[in-house]
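A short write-up of the structure that comes next.
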Amino acid sequence: MSYIETSSGNRISQDAKISGTSQISIESNCTISHNVILQGDTFTSESPTIQLGKYCYLDTNCRITPETTPVTIGSYVIIGVNTTVHSSTISNRVIIEGDCTIATSSVIYDCCIIRKGTVIPNRLVIPPYSEVSGVPGKDFAIRKLHPSFKKLIEIEAKQLQILG
Amino acid sequence: MSLIYNDSRIYCSDTPFDPNNINTNLTFPLSHLFFCPICQEPRATHQTSYDIESKFCANCLTDYSNNKNLTHCIKNCFECPDCHANLSITMTDHDNKGKSFNFNCVYCEYSYVTSVIYKPKSLHAIVDDEKRANPDSFHQLCDAIRKGVLGPEEEKSPVSKNIELMLQQTRRQEQTPTPPTELDLTIKSYPQARKLTTKTSHRCCKCHNLVLAYANDKTQPTINKFAVKFSAVDYLPTISISNLFNGEKFSSQVLKKWNGTTILMIHLINPMSVKCTVNISIPSSYNVAPEVNCKITIPLNQVTLGPTSTNLIKTIPSCFLTSNTPTGKRELILRKGDVMHKPPASFEEVEENLNNFVERGINWYSIPVIINLDGSNTFNFRLPVYITLKSELPDVLKKIPGHDALSVGYWNVIDLGSVSLV
């Protein structure tokens, strides 16, 4: 259960499976937990195929696999256990809880919470300050999120970086 | 320690709070509340009135703020009527320059093909025309009701006419009952236009003071800048509960087996840049559940919390610190010293020297509470705490006339989850 720590404050588990490292850009203070899969070599591109902002927390067994477009993840983003991300853009201050699937070309704007087990279909755009839950066709719902979550998500991401 | 995943909720209602019968529908997490600076009270969304300031389609980012009657996007943003995923639209050419459009859901198997059109029309007009030309039973009833209301005859009131129409429809359905599968086939689902996203300003219902307003920035609709924002998380202390010693994680989701008496830790964290005095009042005894009596002992009723700091780790109570990261471990050693390596104190030891287990930090206090439960039952345990907060006015509130100091009183309900007495 050991981590490699970089000078910019990133913590990367030795069990994480990272491929195509030249195509992955990680800003600072990010945590990549055990068994996280980052596939930066699914296609070649001049710009990085996976980009992580600062204070991102990738929990155990989560997987980031760009399919056709690069995956850009903003700052203060928390991605939960067993979540798979193929989406193109995740903005700043987003919490994606465990067991979620974020499909290709979907866009998640600022200050969103994606609840446990949610499936976000292809090309869906989640507006800012939204709480998303459920599976399309069953119980999929997008609700408004209170503006105070902007501060709370940022604190949550920073705390996770400190507390692990 | 999480401010988002917190089991503490605040009671927001005009009806008086009853600790013996807590109405959970009127308790809200701190993160979901506004704070009215005039009334100096937390306000739930239902205690505010709202105005739509702007609206836009999140898919194509078109601003519809000037079109008051629109609720759906009028461009080519369609969603599946079954699963709300996006629809991909393709065009097929036909003879005599005719065209038809295919809508396919990107997630489920839904698809819809329009009839062949020969004159240019918007996709919305095409779908609307087809809806009107081939209405299903539901839309037929809607049309009949619309005609009933707008019809010229004045003998009966529109309401009684509509009731009559609905009763006729119900009678018809009762007389010829159709199996549900057949009924489903008759309902034709059309592509739906995407709903617009709104930005709303909120006002306190009591004093009509603005508690949330967006800045008038129309450069990009997805950017949210606030001109006025009074959130409860910025003024009221965060109250959370944990086990007495760190290491064991407290969860309200897990069934707890207690043998009558237990000791927990209540944490109070000040979010403001000024110090505040917090008074905690817990009902000394109340009925938690039928045939279960509860007695609570707290060693300290009034605490003074210092102003918050930009150094985040100093604002985290010791009970929540972990040794998972070098920063966390360093802070834990700094605060606990060699106590960290000693076995935890016994229950009797804590009970006798309760005051010694009170911990304080830069903007927080951790207070142990002894909970005595009498009965034999499994129940959902909610701990009501009355909080009185007094402080100087923070800089943001100084601009608002009417008050010289901040003084708030409210009920906070801490959900401890299911408890089984053994």
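The values are calculated or read from the model by the stated rules, or taken from the named source; none is laboratory data. Small disclaimer: the values here were computed from a predicted structure and weren't measured. We place every Cβ from the backbone using ideal geometry, glycine too, and count neighbours over all the protein chains shown. Accessible surface areas use protein heavy atoms only, side chains included; no ligands, DNA or RNA. Shrake-Rupley method; radii C 1.70, N 1.55, O 1.52, S 1.80 Å.
One residue alone among A:115, A:93, A:63 is within 19 Å of residue A:20 (Cα to Cα) and open to solvent by 20 Å² or more (accessible area, probe 1.4 Å), and that residue is A:63.
Sub-8 Å Cβ pairs linking a first residue in region B:339-364 that is touching a residue at least 12 places away in the same chain (Cβ under 8 Å) to a second residue that is of a type in the set (Val, Ile, Thr) and assigned to a helix (DSSP H, G or I), at least 6 apart or interchain, are B:357/B:350; B:361/B:315; B:362/B:315; B:363/B:315; B:364/B:315, ordered by first then second residue.
Evaluating residue A:32 against the criteria (1) hydrophobic (A, V, I, L, M, F, W, C); (2) touching a Ser or Thr at 6+ places or on another chain (Cβ under 7 Å); (3) more than 14 Å from every other protein chain (Cβ to nearest Cβ) leaves one unmet condition, (3). Considering (1) open to solvent by 100 Å² or more (accessible area, probe 1.4 Å); (2) at pLDDT below 80, the lone condition that residue B:148 does not fulfil carries the number (1). Of all the listed residues (A:104, A:69), the sole one being open to solvent by 30 Å² or more (accessible area, probe 1.4 Å) and more than 8 Å from chain B (Cβ to nearest Cβ) is A:69. Candidates A:114, A:153: the one that is under 27 Å from residue A:34 (Cβ atoms), more than 8 Å from every other protein chain (Cβ to nearest Cβ), in contact with a strand residue (DSSP E or B) (Cβ under 8 Å, 6 or more places away or on another chain) and aliphatic (A, V, I, L, M) is A:114. Scanning region A:124-141 for residues that are more than 8 Å from chain B (Cβ to nearest Cβ) and among the hydrophobic types (A, V, I, L, M, F, W, C) yields A:132, A:135, A:141. Restricting attention to region B:67-84, does a residue exist that is open to solvent by less than 40 Å² (accessible area, probe 1.4 Å) and in a strand (DSSP E or B)? There is at least one residue in region B:67-84 that is open to solvent by less than 40 Å² (accessible area, probe 1.4 Å) and in a strand (DSSP E or B).
Checked against the criterion of being closer than 30 Å to residue B:137 by Cβ and among the polar types (S, T, N, Q), the candidates B:220, B:192, B:253 yield just one match: B:192. If the condition is being assigned to a helix (DSSP H, G or I), hydrophobic (A, V, I, L, M, F, W, C) and facing chain A (nearest Cβ under 10 Å), then region B:316-331 contributes only B:320. Taken over region B:84-98, residues that are within 14 Å of another protein chain (Cβ to nearest Cβ) and at positive phi amount to 1.
Every residue, every condition in (1) surrounded by 15 or more Cβ atoms within 10 Å (Cβ to Cβ); (2) in contact with a Ser or Thr (Cβ under 8 Å, 6 or more places away or on another chain); (3) not aliphatic (A, V, I, L, M), yes or no:
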| site | (1), (2), (3) |
| --- | --- |
| B:332 | yes, yes, no |
| B:336 | yes, yes, yes |
| B:361 | yes, yes, yes |
| B:367 | yes, no, no |
| B:373 | yes, yes, no |
| B:379 | yes, yes, yes |
| B:403 | no, no, yes |
| B:406 | yes, yes, no |
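Note on region B:244-312: enclosed strands (runs of 3 or more DSSP E) holding 1 or more residues that are within 30 Å of residue B:393 (Cβ to Cβ) are B:261-269, B:276-281, B:302-305. Taking the numbered list (1) touching a strand residue (DSSP E or B) at 6+ places or on another chain (Cβ under 8 Å); (2) touching a residue at least 40 places away in the same chain (Cβ under 8 Å) in turn, residue B:137 passes all entries but (1). Here residue B:3 meets each of (1) open to solvent by less than 50 Å² (accessible area, probe 1.4 Å); (2) modelled with pLDDT of 90 or more with one exception, condition (2). None of B:307, B:326, B:317, B:344 is surrounded by fewer than 15 Cβ atoms within 10 Å (Cβ to Cβ) and under 30 Å from residue B:382 (Cα atoms) except B:344.
Check whether at least one residue in region B:86-98 is crowded, with 21+ Cβ neighbours inside 10 Å, over 20 Å from residue B:383 (Cβ atoms) and modelled with pLDDT of 90 or more, and report yes or no. Yes, that holds for at least one residue.
Looking only at residues of region B:6-48 that are within 11 Å of another protein chain (Cβ to nearest Cβ) and part of a loop (DSSP other than H, G, I, E, B), we find that the one that is most open to solvent (accessible area, probe 1.4 Å) is B:6.
For region A:20-40, the condition of being more than 15 Å from the chain's Cα centre (by Cα), touching a residue at least 24 places away in the same chain (Cβ under 8 Å) and more than 23 Å from residue A:164 (Cβ to Cβ) holds for at least one residue. Hey, can you tell me all the residues within region A:77-97 that are more than 12 Å from every other protein chain (Cβ to nearest Cβ) and of a type outside the set (S, T, N, Q)? Selection gives A:77, A:79, A:81, A:85, A:86, A:90, A:94, A:96.
Matching residues to (1) in contact with a His (Cβ under 6 Å, 6 or more places away or on another chain); (2) among the hydroxyl-bearing types (Ser, Thr, Tyr); (3) surrounded by fewer than 16 Cβ atoms within 10 Å (Cβ to Cβ):
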{"position": "B:217", "(1), (2), (3)": "no, no, yes"}
{"position": "B:220", "(1), (2), (3)": "no, no, yes"}
{"position": "B:224", "(1), (2), (3)": "no, no, no"}
{"position": "B:232", "(1), (2), (3)": "no, no, no"}
{"position": "B:251", "(1), (2), (3)": "no, yes, yes"}
{"position": "B:259", "(1), (2), (3)": "no, no, yes"}
{"position": "B:264", "(1), (2), (3)": "no, no, no"}
{"position": "B:268", "(1), (2), (3)": "no, no, no"}
{"position": "B:273", "(1), (2), (3)": "no, yes, yes"}
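Between A:99, A:139, the distinction of being surrounded by fewer than 18 Cβ atoms within 10 Å (Cβ to Cβ) and at positive phi belongs to A:99 only.
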